[in-house]
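In what follows, a structure is listed as structure tokens, so that the remarks can point back to it.
The values are calculated or read from the model by the stated rules, or taken from the named source; none is laboratory data. Please read these numbers as outputs of a predicted model, since none were measured by experiment. Glycine gets a Cβ as well: all are built from the backbone with ideal geometry, and neighbour counts include every protein chain shown. Calculation scope for accessible area: heavy atoms of the full protein, side chains included, ligands and nucleic acids excluded. Shrake-Rupley method; radii C 1.70, N 1.55, O 1.52, S 1.80 Å.
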Amino acid sequence: AHTIQLAVAPVFMLAGIGSFLNVLTGRLNRVVDRARLLAEQQRSRVGDPAPRLVELRHLDRRIRLASIAIWLCTASALMICFVVAGLFIAGLARLGFARTMAVGFVLAMLLLVAGLLVFLVEVRVAYRAIRISDDLLERKLKR
């Protein structure tokens, strides 16, 4: 019973990471679809290629960042799985792996933090790439 109590927090964290991975893969899918469309337009030489090349560069960076974030979050989820499994194995075998499990959990948290930071950078890249100029929004420019 005590082992199950200890495993509850990591399992909830695992569920949260799973939801976050769903968000990340959704963003990655949209970016990849847009990149494929622009690449096809680039190959068929429709319209001015310069704006497409700029957007393709931004999309390529976003794809790399989203992939890294997915990798880090997946590694975090795997670490949590190892921690939960280790808790049960240690409990059943009456082994004292408290420090090892604590280090594994901290490592999982660090991987998750790194994944969130990379996601934040990806969002920033997306935001900077799609800034809409004030004149299109009919805003008054401050002078």
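Name the single residue that is modelled with the highest pLDDT among those in the range 1-23 being in contact with a helix residue (DSSP H, G or I) (Cβ under 6 Å, 6 or more places away or on another chain) and open to solvent by 40 Å² or more (accessible area, probe 1.4 Å).
Ranking the qualifying residues of the range 1-23, first place goes to 14.
Tell me, which residue of the range 123-138 that is surrounded by 10 or more Cβ atoms within 10 Å (Cβ to Cβ) and among the charged types (D, E, K, R) is modelled with the highest pLDDT?
Once the filter is applied, the top-ranked residue is 124.
Would you check if there is a residue in the range 93-103 being open to solvent by 80 Å² or more (accessible area, probe 1.4 Å), among the aromatic types (Phe, Trp, Tyr), out of contact with any Phe, Trp or Tyr (no Cβ under 9 Å at 6 or more places or on another chain) and without any contact (Cβ under 8 Å) to a residue 12 or more places away in the chain?
Within the range 93-103, one or more residues are open to solvent by 80 Å² or more (accessible area, probe 1.4 Å), among the aromatic types (Phe, Trp, Tyr), out of contact with any Phe, Trp or Tyr (no Cβ under 9 Å at 6 or more places or on another chain) and without any contact (Cβ under 8 Å) to a residue 12 or more places away in the chain.
Go through 38, 53 for me and flag whichever is free of Cβ contacts under 8 Å to residues at least 12 places away in the same chain, assigned to a helix (DSSP H, G or I) and either closer than 21 Å to residue 128 by Cβ or not aromatic (Phe, Trp, Tyr) (or both).
53
Hey, any hits in the range 72-83 for a residue that's open to solvent by 70 Å² or more (accessible area, probe 1.4 Å), of a type in the set (Phe, Trp, Tyr) and touching a residue at least 40 places away in the same chain (Cβ under 8 Å)?
Start the filter on the range 72-83 by keeping residues that are open to solvent by 70 Å² or more (accessible area, probe 1.4 Å), which leaves 78, 82.
This time we only want the ones that are of a type in the set (Phe, Trp, Tyr), so: 82.
The next check asks that each one be touching a residue at least 40 places away in the same chain (Cβ under 8 Å); those that pass are none.
Within the range 72-83, none of the residues are open to solvent by 70 Å² or more (accessible area, probe 1.4 Å), of a type in the set (Phe, Trp, Tyr) and touching a residue at least 40 places away in the same chain (Cβ under 8 Å).
Determine which single condition residue 26 fails, assuming it passes every other condition in (1) under 21 Å from residue 106 (Cβ atoms); (2) at pLDDT 95 or above; (3) open to solvent by less than 60 Å² (accessible area, probe 1.4 Å).
Unmet for residue 26, out of (1) under 21 Å from residue 106 (Cβ atoms); (2) at pLDDT 95 or above; (3) open to solvent by less than 60 Å² (accessible area, probe 1.4 Å): (1).
Report, by residue number, each residue of the range 90-121 that is touching a Gly at 6+ places or on another chain (Cβ under 8 Å) and not in a helix (DSSP H, G or I).
Passing the criteria: only 97.
Name the single residue that is modelled with the highest pLDDT among those in the range 29-46 being open to solvent by less than 60 Å² (accessible area, probe 1.4 Å) and of a type outside the set (Val, Ile, Thr).
Step one: filter the range 29-46 for residues open to solvent by less than 60 Å² (accessible area, probe 1.4 Å), giving 31-32, 35, 38-39, 42.
Narrowing further to those that are of a type outside the set (Val, Ile, Thr): 35, 38-39, 42.
Details: 35: 93, 38: 89, 39: 89, 42: 83.
By that ranking, first place goes to 35.
With the checklist (1) in contact with a Phe, Trp or Tyr (Cβ under 8 Å, 6 or more places away or on another chain); (2) not in a helix (DSSP H, G or I) in hand, flag the one item residue 69 doesn't pass.
The number of the failed condition is (2).
Hey, any hits in the range 112-132 for a residue that's more than 29 Å from residue 25 (Cβ to Cβ) and out of contact with any Lys or Arg (no Cβ under 9 Å at 6 or more places or on another chain)? Before the answer, list the steps.
Of the residues in the range 112-132, the ones more than 29 Å from residue 25 (Cβ to Cβ) are none.
No; the residues of the range 112-132 include none that is more than 29 Å from residue 25 (Cβ to Cβ) and out of contact with any Lys or Arg (no Cβ under 9 Å at 6 or more places or on another chain).
Just wondering, is there one or more residues in the range 61-68 that are farther than 30 Å from residue 127 by Cβ, open to solvent by 40 Å² or more (accessible area, probe 1.4 Å) and touching a residue at least 60 places away in the same chain (Cβ under 8 Å)?
no
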